[in-house]
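Reviewing the structure listed below.
Bear in mind these aren't lab numbers, they're just calculated from the coordinates by the rules spelled out. Only a predicted model underlies this, so the values are computations on that prediction, with no experimental measurement involved. Cβ sites come from the backbone with ideal geometry, for glycine too, and all protein chains shown count toward neighbours.
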Amino acid sequence: MSSPSKSGQWISVGTLERLDGGGTAIMFDIDRSKFLSGFVIKRGDQVYAYVNHCPHNGSRLDWVPGELFDESGEHLICATHGAIFEPDTGKCVGGPCINQTLIPMAVKLERNSIYVKVPPRYCCD
């Protein structure tokens, strides 16, 4: 993990084995003092990361940590108001925040480890 900078901060969030591709997410803290977290999911061979913050009202998407997918396993869902998001783009395709998006974070894989780049507005002054 590198130190904070104006371009963001890379943090280690786990390993690929923790992602089964079937709906389990890796949850991680971004700023505990602000109750801000993020999550990483896997769809096919791709890994995606988002700030765990619904654009509708700012709530976390999950009630149960790591459970972010709807019953079909095809979309992310906000447990508070039922907004539906595409897992590969973060775009809201149903519910109160239609056409808004989750805040994405860059992901890099090194060997088996997953690193996420936290946006500067969340990690750095």
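Decide, for the range 49-106, between rounded, prolate and oblate: order the square roots of the alpha carbon gyration tensor eigenvalues as a ≥ b ≥ c, take rounded if a/c falls under 1.5, and otherwise choose prolate if a/b is larger than b/c, else oblate.
rounded
What's the lysine pair count for the chain at a Cα cut-off below 17 Å, pairs eight or more apart or interchain?
So the count of such lysine pairs works out to 5.
Could you work out the relative contact order of the chain? I mean the mean sequence separation of Cα pairs under 8 Å and 6+ apart, divided by the number of residues, in percent.
29
Which residue fluctuates the most in the chain, going by a Gaussian network model with Cα springs under 10 Å, if the choices are SER37, SER59, SER72?
Result: SER72 has the largest fluctuation of those listed.
Taking square-rooted eigenvalues a ≥ b ≥ c of the alpha carbon gyration tensor, is the chain rounded, prolate or oblate, where a/c under 1.5 means rounded and, failing that, a/b exceeding b/c means prolate?
Since a/c reaches 1.5 but b/c is at least a/b, the shape of the chain is classed as oblate.
Calculate log10 I(q)/I(0) of the range 29-70 for q = 0.21, 0.22, 0.24, 0.30 Å⁻¹, where I(q) comes from the Debye formula with a single equal point scatterer on each Cα and nothing for solvent.
Result of the Debye calculation: -0.72, -0.78, -0.90, -1.19.
For ASP62, enumerate residues with amide H under 5 Å from its amide H, sequence gap 5+ or separate chain, H modeled in the peptide plane.
Placed amide hydrogens put ALA79 under 5 Å from ASP62.
Considering amide H positions built from the backbone, and no H for Pro or chain starts, which residues 5 or more places from HIS75, or on another chain, come under 5 Å of its amide H?
Under 5 Å from the amide H of HIS75 lie the amide H atoms of ASP70, each far enough along the sequence or on another chain.
Where the only charges are on Cβ atoms (+1 Lys, Arg; -1 Asp, Glu), what is the dipole of the chain about its Cα centre, to the nearest 20 debye?
520
Apply the Karplus parameterisation 6.51 cos²θ - 1.76 cosθ + 1.60, with θ equal to phi minus 60°, to every residue of the range 62-76 and state each ³J(HN,Hα) to the nearest whole Hz, in sequence, with x for glycine and proline.
Rounded to whole hertz, the list is 9, 8, 9, x, x, 9, 10, 8, 6, 4, 6, x, 9, 10, 7.
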